[in-house]
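Following: one structure in structure tokens, then a few remarks.
A short reminder: the numbers here are calculations on the coordinates, not readings from a lab. Here the structure is a predicted model, which is why all the values come from computation and not from measurement. Using ideal geometry, Cβ is built from the backbone for each residue, glycine included, and neighbour counts are taken over all protein chains shown.
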Amino acid sequence: MTESASTNADATGDSGLASLESQAQLSCGIHVTVATAPGLGGITEIHVWGKGSGKLVDLLFQARSGKAIAKAPAGRFLYGHIVKDGVVLDEVIVRGKETDRIYGAETVQIGCHGGGAAARAIIDALAAEGALETDSEKALEAAWQQGRISRIELDAHHALKGCASERALPVLLAELDKHHLEREIERIYRQKPRTSVRGSDADNTPALSGKRGGASEAAVLAIRDLLENSWAVAHVEPQPVFITGFPNVGKSSIFNALAGRERVIVHETPGTTRDVVEEVILLDKIPVRLLDAAGVGESKTEIEKLAEEFAFRALDEAALILFVFDGSRPVKETELKLYRQLDSELLIPIINKADLARSELPEELSGTMEVSALTGQGIEQLRSVIAAKLAPQSGDAAKPAAFTVRQRDLLQRALNALEAGKAIAGLEALGQLLGRLPGSGRGK
Ligand SMILES: Nc1nc2c(ncn2[C@@H]2O[C@H](COP(=O)(O)OP(=O)(O)OP(=O)(O)O)[C@@H](O)[C@H]2O)c(=O)[nH]1
Ligand SMILES: [Mg+2]
């Protein structure tokens, strides 16, 4: 176990009491949970843990070899069936372990058919024998709170459960096996990036004003490396990509074209879309949260104003903004004004309705990508541009890589603080990343 895993008691945060209560409940009795993500996968894995879990599963398990789990050597796989009242619930492979690192207790893993029905029947049968059905997220959280796994391992387990991208898998598996990221952050944290240069920084901590010391310089470089290698974030957590622009330019049509189905209403009447609509789609194997909302900039009625407010709120969270112009009519000055106000790093301008005769474009939009949501022209290219912007490259799974937004944001915060000469604030951000300090955020 890593050192960070042993000091989580102070990371309990506001919901400390409730969490301690649920941890106490998790420490007694025999528990059962579905360990794999919900869905139509081929295999579902059920975990049963607590003293006597082998004996409890033996009440329902009939091994082909006739062996009982509780009597088989620990770690041995047994093939057989789960049978209740003479009815076979499923064909399974089970394995008993003296202790499992996540649960900290005797554990039985049951591999049954996927799809949900088999797992439901088995869990109900185990519950009838006295096992308590438990949320797997809570069990993982308790493993972190009780110091059996580290905060970054918790991130990796969460990420692995929901990971839709095969490119990110090696990073997550390598982290669970080799702890590249955790070791690197631990190393930077231990170096205590601070110096004794004169003066004091704004948070009145040991001084770094003027020039940074050696350890701090090294920390800045190491954190920059980690941030540069954070390509896996976009593979693990679908990033919000927001389609915006004036009413009627074809935002919803582009949303449907990217989603590959008629998900939202498209109509010639301006102001058709009111609510924010979202859908997770895969672009070049990268999961993306695509968002469509009302057109902005021309709202007149109360409802249009409200819809525009919703759209602006969604805009604030966007990792990428597709700003759509209608190429069949002249671009308005107010449109350009709004376009210029947005963060240019996040912007992808798009000229839609390329199938129609084109109106003249302002100079600053020359060379902008043209698409037609109606005919599909340029949509494939748009998919690739979005994917490339969100996850510009794949990296080496053997190198430390940040793989969640939480990790990337805290690394960025540490970097900003160290670059501004605020050593303690930098250390705090790294400490939160390792789950050491209040505010490290249970379950985030
Ligand atoms: N010719 C042509 N028409 C398009 C294209 N894309 C959208 N349209 C038409 O433009 C009109 C508006 O399309 P929407 O997708 O509803 O536009 P929107 O920007 O979502 O509109 P609001 O939700 O009202 O802001 C509809 O009549 C569409 O059929 C295109 O590429 N070519
Ligand atoms: Mg619309």
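Structure data summary
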| item | result |
| --- | --- |
| Charge context of W231, other residues only, Cβ under 12 angstrom, K/R +1, D/E -1 | +2 |
| Model label zone, T272; criterion: amide N under 19 Å from point 7 Å along Cα-to-beta-carbon; scope the range 302-317 | 304-305, 307-308, 311 |
| At R0 = 35 Å, FRET efficiency that the Cβ-Cβ distance of L227 and T375 yields, to 0.05 | 0.30 |
| Residues with amide H under 5 Å from that of H113, placed H, sequence gap 5 or more | T44, E91 |
| Highest average packing first - 227-239, 314-326, Cβ atoms within 10 Å | 227-239, 314-326 |
| Length added when fully stretched, E363-L346, from 0.36 nm per residue minus Cα-Cα | 4.1 nm |
| Approximate shape of the range 235-390 as ellipsoid semi-axes (Cα gyration tensor, √5λ), whole Å, largest first | 21, 19, 16 |
| Segment R95-A127, extension gain: residue separation times 0.36 nm, minus the distance between their alpha carbons | 9.6 nm |
| Percent of C-alpha pairs per 10 Å bin, the range 242-283, short to long | 29, 60, 11 |
| The range 37-86: proportion of alpha-carbon pairs further apart than 13 angstrom, % | 64 |
| Pairs beyond 25 Å (Cα-Cα), from K305/K337; K251/K389; K332/K389; K300/K389; K285/K399 | K332/K389; K300/K389 |
| Kirkwood-Stokes translational diffusion coefficient of the range 59-110, alpha-carbon pairs, 4 °C, 1.567 mPa s, µm²/s | 114 |
| ³J(HN,Hα), Karplus 6.51/-1.76/1.60, whole Hz, each residue of the range 354-363, x for Gly, Pro | 5, 6, 9, 4, 8, 7, 5, 9, x, 3 |
| Reciprocal mean inverse distance between Cα atoms of the range 299-444 - Kirkwood radius, Å | 19.0 |
| Local net charge near T273, Cβ-Cβ under 10 Å (Lys/Arg +1, Asp/Glu -1) | 0 |
| Trypsin sites (Lys or Arg not before Pro) within the range 276-368, DSSP loop, no more than 11 other Cβ atoms inside 10 Å | K300 |
| Surrounding net charge for K337, when Lys and Arg each add one and Asp and Glu each subtract one, Cβ distance under 13 Å | -2 |
| Pair A259, A420: separation of 7 Å Cα→Cβ label points (nm) | 4.0 |
| Under 5 Å, built H, 5+ apart or other chain: amide partners of E129 | none |
